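Student: Quick one: structure below, then a few questions.
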Amino acid sequence: MIRTTVSDDVAGWLDVLGPLTFYLVVWGLVFVGTAFFVGVFIPFLTGDGLLFGAGIVAGTTDRIDIWVLAIGVGIAAVAGDQVAFLLGRRYGRPYLSSRKGRWVQATVVRTERFYDLFGWWSVVIGRYMPWARVFVPVIAGVAGMPYLRFLTANIFGAVSWGMLITVLGYFAASDPSVRPIAYVVAAVVIAASVVAGIRAWRQDRAGRAPTGA
């Protein structure tokens, strides 16, 4: 399913745009996905599907260098979160409140609880959870998380998420001998993000139960 949908769509970009613009579009989507809340509206085009599909494209053509692509993704992911963090720190809670929509505000509340539960790790784990990926950096800024503490979590999360999923897509397409392993690792990553979300939800419920919240 991934190969016949995501990779086909992203491969179409390469045919139309050419290699250089392909790099820039993938990196740009990763950047704006968290820097400017674009991931709220088009999570599929700024998250795991984009990265895995771009990696698959790199594995099926010599026009795209996987390491240029993956390193660029990591840098774009770090930069996007840094912008979101600084916006949250600069403009505070009113910046979050300006995001209109019931679903968006409910997600903000849920992400604040997630951040309270996991702290530093919320920035890392949140990379693998579409709703948390967009809001955790801003909320970390609003909450006054120390800059260097956020930066270390941001780099660790961006590299482990962005580069890992992109390279997994590459190996899933380019090397039949490791293709099953790549898909298994990708499945483990996705499963881990689901487990982290369930754990956060259960801990949140447990924490609120004594107060009747």
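Every read-out reported here was derived from the displayed coordinates using simple, explicitly stated rules and does not represent laboratory data. These numbers come from a predicted model, not from an experiment. Heads up, the Cβs are rebuilt from the backbone with ideal geometry, glycines too, and the neighbour counts pull from every protein chain shown.
Student: Which of THR152, LEU45, VAL109 sits closest to the plus end of the dipole of the range 38-163, meaning its Cα is farthest towards the positive end, when Lys and Arg get +1 and Asp and Glu get -1 on the C-beta?
Tutor: Positive-most Cα among the choices belongs to VAL109.
Student: Ranked from highest to lowest mean number of other Cβ atoms within 10 Å per residue, what is the order of the peptides 84-90, 106-112? Please list the in-between numbers first.
Tutor: Working: 84-90: 20.0, 106-112: 17.1.
So the peptides 84-90, 106-112, ranked by packing, come out 84-90, 106-112.
Student: Rounded, prolate or oblate: which one fits the range 2-110, using the alpha carbon gyration tensor with axes a ≥ b ≥ c (rounded when a/c is under 1.5, else prolate when a/b beats b/c, else oblate)? Kindly include the intermediate steps, with their values, before the conclusion.
Tutor: Working: a/c = 3.10, a/b = 1.98, b/c = 1.56.
Note, shape of the range 2-110 comes out prolate.
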